[in-house]
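A short write-up of the structure that comes next.
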Amino acid sequence: MRRLGLLLRLAAFSLLVAFLVMPQRFAPLFAPFTEYGAPPIYDQGSLLALAAAHLGTVFLAAAASTVVAVSLGILVTRPSGAEFLPLSRTLVGIGQTFPPVAVLAIAVPLVGFGETPTLIALFAYGLLPIFENTISALQTCPSSVIEAARGMGMSSRQRLLGVELPLAMPLILEGIRLSVVINVGTATIGSTVAAKGLGEVIIAGLLSNNTAFILQGGLVTGLMAMLLYDGMAGLEKRLLRAVHVG
Amino acid sequence: MTPTPPPLHRIDRLGALLGTASIAAVAWLPFVTFKANRIASGTARSLFEVLPFGTALAVAGIVVVVAAAAIGVASPRSRLAAAIVGIAVVALALAAAAADLTPPGNRLVRVSPGVGCWVLLLVQALLATDALARLRPGPGLRVLCLALTGAVLYAAFALGLFDQLSIMREYAVNAGTFAREARQHVLLATGSLGAAVLVGLPLGVLCHKVPRLRAATLQVLNLIQTIPSIALFGILMVPLGALATAAPWARELGVSGIGAAPAVIALFLYALLPVVANATVGLGRVSPAAVDAARGMGLTGRQVLTQIELPLALPVIVTGIRIVLVQNIGLVTVAALIGGGGFGTFVFQGVGQTAIDLVLLGAIPTVVLAFSSAVVLDALVDVMSRAPQ
């Protein structure tokens, strides 16, 4: 069972890479979906470059959201930041009722077309799951453990770095993964505001009525998102095992 | 270290931050943006430039009082009242500014809220939210607050208070389509939810009874959720288009590659995970003692399920429905890209024309719809969890 899963993942990954590197080889597969001799494979840019730009945007935004959200999460769970806690919790709840498209669309008139509105939307929307998970993880740290750490003479800083954050790590990592997955989707929509990314292929297909573009764009983006989610989940497990063994 | 004397009044740090921000917004940030027509570039006007001096001073004064209350008053009730007064005053000032700047009968001039106005509204809304969060209102009160806010907003719009604002100008142009897209938006979101509940609940029960099935089903549904919405719409367009070409009956039912059909199916697929996962979790939490007791009383397996297990799992199941509904209302926006309609139509039209008011005309109702459904369903979950088990 486990071997089958590994085999499936490897196959999906190789298929994705093969398609991105030499898409023309797959042209016969997509040719039936075109009409009037339209190109069967996206021809307005390199698919590999688009995929790289897509991932670049997603990870840049996710890194920024992680730094800000984890710091804020730590701040509002310290005694000195307690006044900000109720509002933070409510805001996270309200923020998640905002559709990512709305965040993206509102950013456009403010900062213009291109990469910037997408980055802003990804950053802002990506904050929520990480912030939420950081807060709940730090708040549910068993008080007996913290008391024990205090009893051992650890300063509040040592307690945070040595006890609370490592205990909170699984939930924080899960928040980062959620945030990355949402970002991959939102970055796809970013192509409607001229950000470089794989959404471009789908949008081009919709505009030129080329079903082959829509299908390959959808398949590549979907496959990439699934592999990313799955890969990050695996990485998380490995990382946690390393921490707990070490 | 010198001992600091105890402060006379405890200063609220959140209030200090937000209060300072609102005073700064009144003093330095533009209150409205004025455009000679829809495509002209806008000029920023401060509060004192757009309102008569006395009125502007009064508005600024009230903002300062609200800020002071946020900093120095501890009672959440008073803070809430102050924030509400602040929001109302800023909204009225905005309406007055728009009316003042628009020459009578002129339909070209565009007045929209400036950065300062947005900051003021946001800061005071944050203050109100914070006060409400500290008051911890019960489910009934929360729904009542929502209904009251809705009624006040409805009255304000019905009276034409904001008619001179740019976004309402866009509404006036699109009034006919707005109602249609609103209906389409709600229909797409709730229709796919209904289908997901019809399929997802039995699937959840099955997953609960057959543990081997559970892991595999949830894994597949999890993977589906990670597929970006445009991608899933795109993938579904191909088989649906083929079906419509091949089968006339499908075409007559309205199935086609573009439009509502791929949107409904994609939303349905996304909705399955929360419904199935929450049904399984909810059923899993039902205490074995309750099930045993019911069996002991001679209830059949079906009776145990419908009379004991499902009612006990209901709060968790409804939580799943809440997740789906909020998620669906957001995702329907994207359906506009493939001709599915809904509020996204305005959003993407607005993006195409770089017209922020048109974007907002699509985005604000979507957020309001999602937020209201979240409040109502959260209240419902609260009521159900409190009911004696």
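The values are calculated or read from the model by the stated rules, or taken from the named source; none is laboratory data. Quick caveat, the model's predicted, so the values are computed rather than measured. We place every Cβ from the backbone using ideal geometry, glycine too, and count neighbours over all the protein chains shown.
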Close pairs (6 angstrom Cβ cut-off, 6 or more residues apart or separate chains): touching a residue at least 40 places away in the same chain (Cβ under 8 Å) and at the interface with chain A (Cβ under 7 Å from one of its Cβ atoms) in segment B:353-374, among the aromatic types (Phe, Trp, Tyr) and surrounded by fewer than 23 Cβ atoms within 10 Å (Cβ to Cβ) anywhere: none
Test for B:Val326: is it in contact with a helix residue (DSSP H, G or I) (Cβ under 8 Å, 6 or more places away or on another chain), more than 30 Å from B:Thr33 (Cα to Cα) and more than 11 Å from chain A (Cβ to nearest Cβ): no
Pick from segment B:120-134, criterion within 17 Å of A:Ala82 (Cβ to Cβ) and over 19 Å from the mean Cα position of the chain (by Cα), ranking: modelled with the lowest pLDDT: B:Arg134
Residue match in segment B:204-214 (condition: under 16 Å from B:Leu269 (Cβ atoms), under 29 Å from the mean Cα position of the chain (by Cα) and in a loop (DSSP other than H, G, I, E, B)): no
Residue match in segment B:100-119 (condition: charged (D, E, K, R), in contact with a helix residue (DSSP H, G or I) (Cβ under 6 Å, 6 or more places away or on another chain), under 23 Å from B:Leu358 (Cβ atoms) and touching a residue at least 12 places away in the same chain (Cβ under 8 Å)): yes
Test: residue in segment B:335-350 that is of a type in the set (Ser, Thr, Tyr) and in contact (Cβ under 8 Å) with a residue 40 or more places away in the chain: yes
Boolean, A:Gly45 is without any contact (Cβ under 8 Å) to a residue 24 or more places away in the chain, surrounded by fewer than 15 Cβ atoms within 10 Å (Cβ to Cβ), assigned to a loop (DSSP other than H, G, I, E, B) and not acidic (Asp, Glu): no
Members of segment B:25-65 found to be of a type in the set (Gly, Ala, Ser), surrounded by 15 or more Cβ atoms within 10 Å (Cβ to Cβ) and out of contact with any helix residue (DSSP H, G or I) (no Cβ under 6 Å at 6 or more places or on another chain), listed by number: B:Gly42, B:Ser46
B:Thr345 vs. criteria within 13 Å of another protein chain (Cβ to nearest Cβ), assigned to a helix (DSSP H, G or I) and within 21 Å of B:Leu272 (Cα to Cα): no
Index of the failed condition, B:Gly350 passing every other in (1) in a helix (DSSP H, G or I); (2) modelled with pLDDT of 90 or more: (2)
Whichever residue in segment A:184-211 is small (Gly, Ala, Ser) and not in a helix (DSSP H, G or I) and, among such residues, is farthest from the other protein chains (Cβ to nearest Cβ): A:Ala195
Extreme residue, farthest from the other protein chains (Cβ to nearest Cβ), among residues of segment B:238-260 that are part of a helix (DSSP H, G or I) and touching a residue at least 24 places away in the same chain (Cβ under 8 Å): B:Ala260
Within segment B:157-177, tally of residues that are surrounded by 15 or more Cβ atoms within 10 Å (Cβ to Cβ) and within 20 Å of the chain's Cα centre (by Cα): 3
Condition check for B:Pro139: within 14 Å of another protein chain (Cβ to nearest Cβ) and either of a type in the set (Gly, Ala, Ser) or closer than 26 Å to A:Gly93 by Cβ (or both): no
Search result, residues across segment A:90-139 that are within 7 Å of chain B (Cβ to nearest Cβ) and in contact with an Asp or Glu (Cβ under 8 Å, 6 or more places away or on another chain): A:Thr90
Selected residue (criterion: nearest to A:Gly175 (Cα to Cα)) from residues of segment A:40-75 that are within 14 Å of chain B (Cβ to nearest Cβ) and touching a Lys or Arg at 6+ places or on another chain (Cβ under 9 Å): A:Thr57
Some residue of segment B:101-119 being in a helix (DSSP H, G or I) and under 20 Å from the mean Cα position of the chain (by Cα): yes
From the options B:Ile235, B:Ile224, residue that is within 14 Å of chain A (Cβ to nearest Cβ), more than 20 Å from B:Leu187 (Cα to Cα), of a type outside the set (Gly, Ala, Ser) and touching a Pro at 6+ places or on another chain (Cβ under 9 Å): B:Ile235
Pairs where the first residue, in segment B:10-21, is at the interface with another protein chain (Cβ under 9 Å from one of its Cβ atoms) and the second is surrounded by fewer than 21 Cβ atoms within 10 Å (Cβ to Cβ) and aromatic (Phe, Trp, Tyr), C-beta under 8 Å, 6+ apart: B:Arg13/A:Phe84; B:Leu14/A:Phe84
Index of the failed condition, B:Val318 passing every other in (1) more than 10 Å from chain A (Cβ to nearest Cβ); (2) out of contact with any Gly (no Cβ under 7 Å at 6 or more places or on another chain); (3) closer than 16 Å to A:Val101 by Cβ: (3)
Segment B:285-307 - residue that is polar (S, T, N, Q) and over 21 Å from B:Ser385 (Cβ atoms) and, of those, surrounded by the most Cβ atoms within 10 Å (Cβ to Cβ): B:Gln303
Residue match in segment B:312-329 (condition: touching a residue at least 12 places away in the same chain (Cβ under 8 Å) and over 21 Å from B:Thr190 (Cα atoms)): yes
Scan of segment B:1-49 for residues that are modelled with pLDDT of 85 or more and among the hydroxyl-bearing types (Ser, Thr, Tyr), ordered by number: B:Thr20, B:Ser22, B:Thr33, B:Thr43, B:Ser46
